[in-house]
Amino acid sequence: MYKSTKIDLNSDERPKRGVKSVTAPCHVGRRKKEVANEFPPGIVQVVRTALFQQTETLQCGANLVRNLCAQSSMPPESIARELLDAVKCFHYKNPMRTHFAHLYASGLVSASARLVRRNGKAIFGPSSWDDIEVLLSQSTDRAVATSGIRLTHELQTAACGAKLLSLMLKTELLDYDLSSTEFDFNSESLKAKPTVVVMKKQGLRNVLKTVTRHTSKCLLRHAKYLLDSDVYSQPSGNHNHTACCASEAKTCLDNLGSVICYTAWLLCAEERISIEHQTPAFVVRDTFLSELSLCDDTLPRMNSKKKKMFIINLKL
């Protein structure tokens, strides 16, 4: 039989043969981060112009940012703030601006796994609960069109926001064993996890309810694109637009679901309970059923039989 053996993750020594499992510490600190340099002052305005002002230079801005990030140079916090604002907003006349802003922001979030600012802060992240809630609510609050190219663009924006929020949590919790709930909320490293900090200040139980509520609303609003059911007739309009709406709606729902999982783990860690504990499951269940009880207002054209079938499909 194999023996479980502890291995120093910071050691260059190769593990001995016969080792079946590795017991690793779940605390932060094993991943050493490099201090990033900010963009040279002379090109900050060039980058800002390329990213936010001139449509024809969006791709140039992308290439410039990627090259500088590869050299461990990061934009100042003001540009990171503008990027997040761009992802939160919907530019119907220029939807590619939001798409490019999401790509830049995602690159900065990924860089946060290996880089920090000189003041110890993360390269990119939310500064308030409003930042997070806007990203959560875009699939319903911003996607207001009924069909067609406009709904496609609105759902693309919502998908960008949901993916970014999920990525921020994934990156900030990268050094933790998510099968365990050992998480020190008072550790010094927490200040480099802005998303976790904001959610903790809001109250993780309340955050879990809010995330579940927005996810449930997304499912209810875009059920005709998400559920295989004969309750809904096939959406009318251009087939390509319908396919794009279905793809973007699914992306929204998948990433909002990931945010629920990360938030449930944080709640378990804060309350010092195991991940198998029923507390987060009850919070999610009760919030989902509460939203489901309100769905009658969103389905005025369904008869009672179809509504019953629809609710059964949702619960599945």
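Shape analysis of region 118-231 based on the Cα gyration tensor places the equivalent ellipsoid semi-axes at 31, 16, 12 Å, largest first. Between the amide H of Glu38 and those of Met74, distances stay under 5 Å, these residues lying 5 or more places away or on another chain, with hydrogens modeled in the peptide plane. Coupling constants for region 195-205 follow from the phi torsions by the Karplus curve (6.51 cos²θ - 1.76 cosθ + 1.60, θ = phi - 60°), and in residue order they are 5, 5, 4, 5, 5, 5, 5, 6, x, 5, 5 Hz; glycine and proline get x.
Measuring r between the beta carbons of His239 and Asp85 and using R0 = 25 Å, the FRET efficiency lands at 0.15. A quarter of the convex hull surface defined by the alpha-carbon atoms of region 175-223 gives 4.7 nm² as the mean projection.
Computed from backbone phi, the HN-Hα couplings of region 256-272 come to 5, x, 5, 5, 4, 5, 5, 5, 4, 5, 5, 4, 4, 5, 5, 8, 6 Hz, rounded to whole numbers (Karplus: 6.51 cos²θ - 1.76 cosθ + 1.60, θ = phi - 60°; Gly and Pro given as x). Look at the dipole of region 181-223 built from charges on Cβ: of Ser216, Pro194, Phe183, the Cα furthest out on the positive end belongs to Ser216. Spin-label model, Ser73 to Arg205: label points 7 Å out along the Cα-to-beta-carbon direction sit 4.9 nm apart.
Compute the convex hull volume of the Cα atoms of region 241-287, divide it by the residue count, and report the result per residue in Å³ as a whole number.
Residue-normalised Cα hull volume stands at 70 Å³.
Laboratory data are not the source of any read-out in this text; all were calculated from the coordinates shown. Nothing here was measured: the structure is a model prediction, and the numbers come from that model. Positions of Cβ are backbone-derived with ideal geometry, glycine not excepted, and every protein chain shown enters the neighbour counts.
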